[in-house]
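Okay, structure first, notes after.
None of the figures in this text is laboratory data; all of them are computed from the coordinates on show. Just so you know, these numbers come straight off a predicted model, no measurement behind them. In this analysis, Cβ positions are derived from the backbone assuming ideal geometry, glycine residues included, and neighbour counts consider all displayed protein chains.
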Amino acid sequence: MPRKKEVKKKGALRCSECGSYDIIEDPSRGELFCKSCGAIIKEDMIDVGQEWRAFDSEQMSRRARGGAPLTFTKHDKGLTTEIGKGVGELYKVPAKKRAQYYRLTKWHKRLIRSKDRNLSFALSELQRIVSFLNLSRSIHERIARYYEEAVNKGLVRGRSIESVIAALTYAVSREFGSPRTLDEISEASGVEKKEIGRTYRYIARELGIRILPADPITFVPRFCSMLGLSDKVQAKAVEILKKARKFDITGGKGPTGIAAAAVYIACVLVGEKRTQREVADIFGITEVTIRNRYKELVEKMGIEEEVEKKAKEE
């Protein structure tokens, strides 16, 4: 049975009997009535909702008349039609109509604008990178928006589509607080780090994308999970990084190096041993970088003796 709803339109609906603004809508009777005195304000209201009912999600999707929501992750926003989705579709058509079907498919592809062809290829590449890096739907949507804006401004001309997509992935993942390293994005896209960095600087300047340096704390949860570490280690690493920020140790240094050193120190303090080589491989840095950042952190934070004592106990 439909629930009764309060109509909160102060100034629009008012009881003519007592002057109250507490108006209740009763969908089952199609009435509006006053909560204070019970006077019927309006009756025989028309229900503009759907006339059908659904008892599970399958029925809901089958009976719904609206299409999928618009999305920037498709070159046509999910609106335009397509004649045939592959060679297999040809054999579903009667033999007499196959030649006509083939011609329609060919001309349909020819009539697509160059921008749409560019977007179609770029967004399929983006889908692959997002899947490889396990990025969220919101990040995927934002990258697609930025790419279309870059195409409209002519920023992609003279550059490879892969490098632009990779650069935007790097920028947006940082913007959303879920950063990926240049090594990870280079591996996913097959584009060199130098090219990604060069394209990133150009695209960010032209599109007005202003991104602050990555916070080392944002790298901790993902890499701790990849190392198979407990929540205690993760919490300890975050605590170390927060203290390091107060001591102004993190400024001007690579966020992955600082994060890796903090995770390594947390492993020693909590008692979940991981070698510097294991941590360095996961973070995509060298053991020398971890050792240098490790020394800076323990010395300036005054926890050198505590860390060494724990290491000896293990």
Q | Violating pairs (Cα-Cα greater than 27 angstrom) within the set 109/194; 77/193; 153/253; 193/310; 246/310 | A | 109/194; 77/193; 153/253; 193/310
**Q.** Burial order of peptide ranges 152-160, 281-289, 269-277, 139-147 (average beta-carbon count within 10 Å, highest first)
**A.** 139-147, 281-289, 269-277, 152-160
Q: Report the residue, chosen from 106, 92, 194, that carries the largest GNM mean-square fluctuation when the chain is represented by alpha-carbon nodes joined by springs under 10 Å.
A: 92
Q | Radius of gyration and Dmax over the Cα atoms of the chain, both given in Å | A | 29.4, 85
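Could you work out the relative contact order of segment 114-207? I mean the mean sequence separation of Cα pairs under 8 Å and 6+ apart, divided by the number of residues, in percent. Working shown, then result.
Working: 84 pairs, mean separation 28.7, N = 94.
Taking the mean separation of contacting Cα pairs over the length of segment 114-207, I get 31 percent.
Which of the peptides 211-217, 253-259, 232-238 is most tightly packed, and how do the rest follow, going by the mean number of other Cβ atoms within 10 Å of each residue?
Order by mean packing, descending: 253-259, 232-238, 211-217.
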Q. By a straight-distance test (C-alpha under 19 Å), which aspartates and glutamates pair with residue 273 as possible cross-link partners, with residues fewer than eight away in the same chain excluded?
A. 231, 239, 281, 287, 304, 305, 306, 308, 313, 314
Q) Which of 248, 22, 231 moves the most in a Gaussian network model of the chain with Cα springs under 10 Å? A) 22
Q.
Mean-square fluctuation check for the chain, GNM, Cα pairs under 10 Å: which of 297, 32, 182 is largest?
A. 32
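Treating the beta-carbon of each Lys and Arg as +1 and of each Asp and Glu as -1, no other charges, what is the dipole magnitude of the chain about its Cα centre, to the nearest 20 debye? Before the final figure, lay out the partial values.
Numbers: 61 positive and 44 negative charges, 306 e Å.
Roughly 1480 debye, rounded to the nearest 20.
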Q | Spherically averaged projected area in nm², based on the convex hull that wraps the Cα atoms of segment 160-310 | A | 9.0 nm²
Q.
Output the 0 to 90 degree angle, nearest 10, between the alpha-carbon long axis of helix 137-152 and the longest principal axis computed from the alpha carbons of the chain.
A. 80 degrees
